[in-house]
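Student: To start, I am sharing the structure in question, which I have written as structure tokens.
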Amino acid sequence: KTLGKKMSEKVSDPYSVILRRRQVPMALLSEPKPKQMNLLSAESFGNTFGPNKRRKRPKLANNSLAAMVSQAANRAKEFEDTYDAQADQLKTVGDAKDAAQEDIFMKGQSKRIWQELYKVLDCSDVVIQVLDARDPLGTRSKHVEKHIKENAAHKHLIFVLNKVDLVLPWVTKRWVALLSKEYPTLAFHANVEKPFGKGALIQLLRQFALLHPEKKQISVGFVGYPNSGKSSIINTLRSKRVCKVAPIPGETKIWQYITLFKRVFLIDCPGVVYPNNDSEAEVVMKGVVRAERLQNPDEYIPAILKKVKPEHIRGTYGIEEWNSSEDFLAKLAMKRGRMLKGGEPDIRSVSQSMINDMQRGKLPWFVPPPKPEDDDVKEDEGDKEENEDKEDVEEEEDKTAK
């Protein structure tokens, strides 16, 4: 029991690695699952059915078949009356729009994409989940973590917080400290010429290779949301363009092997959108849908104006005041000279460019991390760093305004 308890603690610890797992009876150390209950042992067939049955007669709403049929007919008539009254309203309000937008917002959830994901998970010894530093929890997949923990506990899972150049330093520090409590987490900036975190990630992969001397090589799979930077990280590790990259989602179609070292291989995986309760506006802001494929891109501009701070909107587009999203788009179209026939502003093209700016990092935004509750001293230090970073940002904005 003591050995099983210690081994279970080590298995659940993401920072511990069990060497020579095949020589340890892992199945015997874990607690056996409870077997299914045998109903005949609890109550025999003769006591349940037949002339000597002891079970009480259940209480039913109807004592005869004819009464049950009449009750079902009455309920069906009531349902038809209410359904006919609401059918026309449902068709005119939302059915047409939902049917048109359904295919667009289902990108990254097809059966083919999920098959590619499970291929990468099965072939990988180390799984790297790439998270967007602007919204780590929104681009995190609990499904992948649960699958690895239950079905492939021998695989290593680590987090890579990409696009740290789009957020403030104190935001990155807090997210790394928060996520490191569950899995090893690294901050990364994918850039072939000026990367950040490349040396730490390569050193970590070398350590994983040394932990498995019985294998000729290990495979490292990259999984994550579309447009999170998986292919860019691989290009940064290789210091050249070996994977096709683009600032749009869905550029990687199939999985592919890339050689990093003699004993380390990288696997690039297409972006997968995990099932959650995100609204259409949140899906668009995360970069899952291309702005050119949206039927009405101006519908998502109010969510962007609410997400991004007004000072950043003013600094990016040079528009000081606006009353509504329609007023803002009209002023932006007038300023950029995007007009239609008759002097009307081209709202569609301006909305698409603004959504692209949101997805590609031109508009600064991020989800603030929760404040630490353990250490007040660390919290005070983090607040000081936050204030210093905010002062630096304000100074830069003042310089750009002048």
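The values are calculated or read from the model by the stated rules, or taken from the named source; none is laboratory data. Not measured: the values here are computed from a predicted model. Glycine also receives a Cβ, built like all others from the backbone with ideal geometry; neighbour counts cover every protein chain displayed. Please note that ligands, DNA and RNA were not included when accessible areas were found on the heavy atoms of the full protein model with its side chains. Shrake-Rupley method; radii C 1.70, N 1.55, O 1.52, S 1.80 Å.
Student: If you take the residues of the stretch 236-255 that are modelled with pLDDT of 75 or more and buried (at least 16 other Cβ atoms within 10 Å of the Cβ), which of them is nearest to ASP125 (Cα to Cα)?
Tutor: Pass one, the stretch 236-255, residues modelled with pLDDT of 75 or more: 236-243, 255.
Restricting the remaining residues to those that are buried (at least 16 other Cβ atoms within 10 Å of the Cβ) gives 236-237, 242-243, 255.
Working: THR236: 21, LEU237: 18, VAL242: 21, CYS243: 21, TRP255: 16 Å.
Among residues in the stretch 236-255 that are modelled with pLDDT of 75 or more and buried (at least 16 other Cβ atoms within 10 Å of the Cβ), the one nearest to ASP125 (Cα to Cα) is TRP255.
Student: Have a look at ASN52, ASN62 and point out the one that is in contact with a helix residue (DSSP H, G or I) (Cβ under 6 Å, 6 or more places away or on another chain), modelled with pLDDT of 70 or more and open to solvent by less than 100 Å² (accessible area, probe 1.4 Å).
Tutor: Details: ASN52 fails: open to solvent by less than 100 Å² (accessible area, probe 1.4 Å).
It is ASN62.
Student: Which condition number does ILE258 fail, the rest of (1) open to solvent by less than 50 Å² (accessible area, probe 1.4 Å); (2) farther than 30 Å from GLN115 by Cβ; (3) not aromatic (Phe, Trp, Tyr) being met?
Tutor: If we test ILE258 against (1) open to solvent by less than 50 Å² (accessible area, probe 1.4 Å); (2) farther than 30 Å from GLN115 by Cβ; (3) not aromatic (Phe, Trp, Tyr), just (2) comes out false.
Student: For GLY221, all conditions in the list (1) part of a strand (DSSP E or B); (2) surrounded by fewer than 19 Cβ atoms within 10 Å (Cβ to Cβ); (3) not β-branched (Val, Ile, Thr) hold save one; what is the number of the exception?
Tutor: Going through the list (1) part of a strand (DSSP E or B); (2) surrounded by fewer than 19 Cβ atoms within 10 Å (Cβ to Cβ); (3) not β-branched (Val, Ile, Thr), GLY221 breaks only (2).
Student: Across the stretch 139-150, which residue is most open to solvent (accessible area, probe 1.4 Å) among those that are in contact with a helix residue (DSSP H, G or I) (Cβ under 9 Å, 6 or more places away or on another chain) and within 19 Å of VAL17 (Cα to Cα)?
Tutor: Checked the stretch 139-150; the qualifying residue most open to solvent (accessible area, probe 1.4 Å) is LYS149.
Student: Sort out for me the helices (runs of 4 or more DSSP H) sitting completely within the stretch 95-169 that have 1 or more residues that are at pLDDT below 80 and out of contact with any Asp or Glu (no Cβ under 9 Å at 6 or more places or on another chain).
Tutor: On the way: elements: 96-102, 111-123, 142-151.
The helices (runs of 4 or more DSSP H) meeting that bar are 96-102, 111-123.
Student: OK, next. Which residue, of PHE159, PHE196, is open to solvent by less than 20 Å² (accessible area, probe 1.4 Å) and under 27 Å from CYS243 (Cα atoms)?
Tutor: Values: PHE196 fails: open to solvent by less than 20 Å² (accessible area, probe 1.4 Å).
After ruling out the rest, the residue left standing is PHE159.
Student: Please count how many residues of the stretch 124-138 are open to solvent by 10 Å² or more (accessible area, probe 1.4 Å) and within 18 Å of LEU204 (Cβ to Cβ).
Tutor: Matching residues across the stretch 124-138 total 1.
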